[in-house]
Amino acid sequence: MNPFEGLASYFLGRLEQKIVQGWIKLLFQFGFSALVTFLFVMGTLLAVGRAWETSLGAAMVAVAVVLTAMFRRSPLTRGMMIVLPAEEAAKEMQTNLQTISTAPDRKA
């Protein structure tokens, strides 16, 4: 029996668990950001009297832009290749996205 086998299994298991937790966290962030963006854009356009078809389309475009921006900034997706329409990239550059972090401020 190798005495290091148990230690290696422990550390590999912890590493795998941390990777899975990172992906679950990223999926939650995607879902929350997409839902809030969709509801905000569609609700705002409906409130000002736009047709529901126009509101739905604008909300879908806004969600696509937000999810793409998040995908590009995530360390988990670094190095992955994605294919997007050129219009999406132009829309993302025109959009003023705000990034909010819920992490507490660390003072040195």
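The values are calculated or read from the model by the stated rules, or taken from the named source; none is laboratory data. Small disclaimer: the values here were computed from a predicted structure and weren't measured. Neighbour counts are summed over all protein chains in view; Cβ atoms, including those assigned to glycine, are modelled from backbone coordinates with ideal geometry.
Determine, yes or no, whether M70 is outside any loop (DSSP other than H, G, I, E, B) and closer than 16 Å to Q29 by Cα.
For M70, the condition - outside any loop (DSSP other than H, G, I, E, B) and closer than 16 Å to Q29 by Cα - is met.
Pick from L45, L27, L12: which is under 24 Å from N96 (Cβ atoms) and either of a type in the set (A, V, I, L, M) or assigned to a helix (DSSP H, G or I) (or both)?
Unique residue meeting the criteria: L45.
For the condition in a loop (DSSP other than H, G, I, E, B) and on the phi < 0 side of the Ramachandran plot, what is the one hit in S101, S55, S33? I'd like the intermediate steps shown before the answer.
On the way: S55 fails: in a loop (DSSP other than H, G, I, E, B); S33 fails: in a loop (DSSP other than H, G, I, E, B).
Going through S101, S55, S33 in turn, the sole match is S101.
For region 14-51, name all the residues that are more than 18 Å from the chain's Cα centre (by Cα) and either surrounded by 13 or more Cβ atoms within 10 Å (Cβ to Cβ) or farther than 28 Å from F71 by Cβ (or both).
Result: M42, T44, L45, L46, A47, V48, G49, R50, A51.
Have a look at G13, G6, G22 and point out the one that is on the phi < 0 side of the Ramachandran plot and touching a residue at least 40 places away in the same chain (Cβ under 8 Å).
Only one candidate qualifies: G22.
Filter region 73-88 for residues that are assigned to a helix (DSSP H, G or I) and within 16 Å of the chain's Cα centre (by Cα); which is modelled with the lowest pLDDT?
As a first pass, look at region 73-88 and keep what is assigned to a helix (DSSP H, G or I): 73, 75-77, 86-88.
Filter once more, so that each one left must be within 16 Å of the chain's Cα centre (by Cα): 73, 75-77, 88.
Values: R73: 86, P75: 88, L76: 88, T77: 87, E88: 75.
Ranking the candidates gives E88 first.
Can you name every residue in region 55-67 that is at pLDDT below 95 and over 25 Å from I82 (Cα atoms)?
Passing the criteria: none in range.
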